[in-house]
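Colleague: If you scroll down you'll find the structure; I have some questions about it.
Laboratory data are not the source of any read-out in this text; all were calculated from the coordinates shown. All values derive from a computational prediction rather than experimental measurement. Cβ: placed from backbone, ideal geometry, glycine included. Neighbour counts: every protein chain shown.
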Amino acid sequence: MHSSFRFRISSVLSIFAFLIATLLSSHPTNAQELKFANLGVLKLESGEDLKDCRIGYRTLGHLNEDRSNAVLLLTWFNGKSEALKNSVGPNKLLDPTQYFVVMIDALGNGVSTSPSNSATQPQDKFPRISMRDMVNAEYQLATKELQLAHVRAVIGISMGGMQTFQWAASYPAYMDEAIPIMGTPQQSSYDLLQWSVQADNVEYHLKNGDREHAVDGAMKLGILQMTTPERLGSETKRTDVDNLVNSTLADWKKDTQPFDYLCQLRAIISTNIVSQGSSLEDAAKLVKAKMLVIVGRHDHLVNPAPALAFAGFHKATVLVLESDCGHHATVCQEDLMVAAVRGFLTEK
C-alpha cells in the first residue's frame, strides 16, 4: 500500500547469499542490489507447504568484526525493500556507518515468493500465509543464509511493525531491541472489521473475474483509513476528492498484483502473538528484547490500543505521535520518530 517508508498517499497526503562469514564485514556501504535466499519448502502454520520459497533482501553498511550490529528492517503492506533504502542514511532512521542493515521483502509482496511469481502455486493456488509464516521465513534468511546468530534490532512500520511484534514473540532471545512502529501485536475488533471488508471486496472481484478493478474498493477504504477526518477535511476540498482517489489508485496500483494484495491482507488479519489459552500480558512477559513501541494517537488504520497495552505489560518505552495525520503521523512527525529511534538504539 505504501510507495515509500514515509507513507505518501499522494501529493496531497504526503516509508544473499554472502560468500563466507569473514567476507560479510567487507561488503561496501552501498551494497543495495536485490538478492535472494532460496529456502526450499517452507512449512506453514496451517500445515501446508509453500514450495520453492525464496526471500528477497538488500543490505546497506558493514557487519562489524564481532557481528553485533545487524539490524533487520521490514516492509510494510505491499512494500518493497527497494523503498526501504530511503530510510537508511547518515541522518535517517538507520545510519549505515553504524549498522549492517538487512532490508527484507516479506512473503507475498511480489518480490519474495508470492501468488504473482510462484511457478508451482500461482494466483489462487497459493496457500494462505500468516504473520508467523512471514517471520519464520525471515528467520531462516537471517540464520541460514546470512549466518546471523543474533541481531542488534528488528524494526518495521505498519505491517512491518506487526512483523516486529511477531519476531519479538517468536524469537525472544534473537534480538537486543525491537522497535514496532504503527504496528500491533494483535488485531483489535475494529481492525479486523476494516481489514476483512478490504479482503472481502478483493475476493468478490477476483471470483467474478474482474482483476483490473479487484483492489480498487479495498484501496479506497485504505485511503480513508490512512488519514483522519480532520486532516482530510483540512487538506482536500470537496471538489478534489475524486482527483485524490484517482491519483492515489493510479500510484498504488502501478506496483500491485491483486492476489499478492489479498495474500498480505490475510496475513495482516492473522496477526496475533498470543498463544491459544494465553493472554496479551502473558505474551508480553515472554518477550526478552528491550522495546520501543511507537503508535499514532489518531491512527485509524492500525488501532494503537493493543500496542499500548502490550507496552504496559512489557514495561516498554513508548512514543505516542499526537498528530492528526493518522497513520501518516510518521510523516508529519518524522523528525520526532527518527530522533526517538536513533536515541533508543544508542542507549546503554
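Colleague: Please give every one of the aspartates and glutamates within straight-line cross-link reach of Lys80, meaning a C-alpha to C-alpha distance under 16 Å, and leave out same-chain neighbours fewer than 8 residues apart.
Modeller: Within reach: Glu33, Asp105, Glu138, Asp251, Asp255, Asp260.
Colleague: Return the label of the correct value of mean projected area of the Cα convex hull in nm², as calculated from the structure shown, out of (1) 17.9; (2) 16.6; (3) 19.6.
Modeller: (2)
Colleague: Arrange Phe310, Phe36, Phe77 by Cβ neighbour counts within 10 Å, fewest through most, would you?
Modeller: Going from least to most buried by this count: Phe36, Phe77, Phe310.
Colleague: May I ask you to derive the FRET efficiency for Ser247 and Glu347 from their Cβ-Cβ distance with R0 = 35 Å, giving the value to the nearest 0.05?
Modeller: 0.25
Colleague: I want the local charge near Val215. Using Cβ-Cβ distances under 10 Å, sum +1 for each Lys or Arg and -1 for each Asp or Glu among the other residues.
Modeller: 0
Colleague: Given a cut-off of under 8 Å on Cα pairs at least six residues apart, what relative contact order in percent is computed for segment 21-346?
Modeller: Relative contact order, segment 21-346: 17 percent.
Colleague: Please get the size of the charge dipole for the chain, origin at its Cα centre, with Cβ charges of +1 on Lys and Arg and -1 on Asp and Glu, quoted in debye to the nearest 20.
Modeller: That gives the chain a dipole magnitude of about 400 debye.
Colleague: Here's something else I'd like to know. Given the pairs Lys125/Lys288; Lys254/Lys315; Lys207/Lys253; Lys92/Lys125; Lys85/Lys144; Lys35/Lys254, which span a C-alpha to C-alpha distance of over 31 angstrom in this model?
Modeller: Among Lys125/Lys288; Lys254/Lys315; Lys207/Lys253; Lys92/Lys125; Lys85/Lys144; Lys35/Lys254, the Cα-Cα distance tops 31 Å for Lys125/Lys288; Lys254/Lys315; Lys92/Lys125.
Colleague: Projected onto the charge dipole of the chain (+1 at Lys/Arg Cβ, -1 at Asp/Glu Cβ, origin at the Cα centre), which of Ile269, Gly217, Ser234 gives the Cα projection farthest towards the positive end?
Modeller: It is Ile269.
Colleague: Okay, next question. For the chain, what is the calculated [θ] at 222 nm in deg cm²/dmol (nearest 500), taking -39500 (n - 2.57) for each run of four or more DSSP H residues and dividing by its residue count?
Modeller: -10500 deg cm²/dmol
Colleague: If you don't mind, there's one more thing I want to ask. In nm², what is the average projected area of the convex hull enclosing the Cα atoms of segment 44-121?
Modeller: Projected area, direction-averaged: 6.4 nm².
Colleague: Compute the distance from the alpha-carbon center of segment 56-108 to that of segment 233-283, in whole Å.
Modeller: 23 Å
Colleague: Within the chain, which cysteines find no other Cys whose Cβ is under 4.7 angstrom from their own?
Modeller: Taking the Cβ cut-off of 4.7 Å, the unpaired cysteines of the chain are Cys53, Cys263.
Colleague: Give me the number: length gained by fully extending Val197 to Leu224, i.e. 0.36 nm times residue separation minus the C-alpha to C-alpha distance, one decimal in nm.
Modeller: Difference between extended and current length: 8.4 nm.
Colleague: Let me ask something additional. Net charge near Asp282: determine it from the other residues with C-beta under 15 Å of the C-beta of Asp282, scoring Lys and Arg +1 and Asp and Glu -1.
Modeller: Neighbour charge sum, excluding Asp282 itself: +2.
Colleague: Only counting other Cβ atoms within 10 Å, I'd like Leu50, Leu193 sorted with the fewest neighbours first.
Modeller: Going from least to most buried by this count: Leu193, Leu50.
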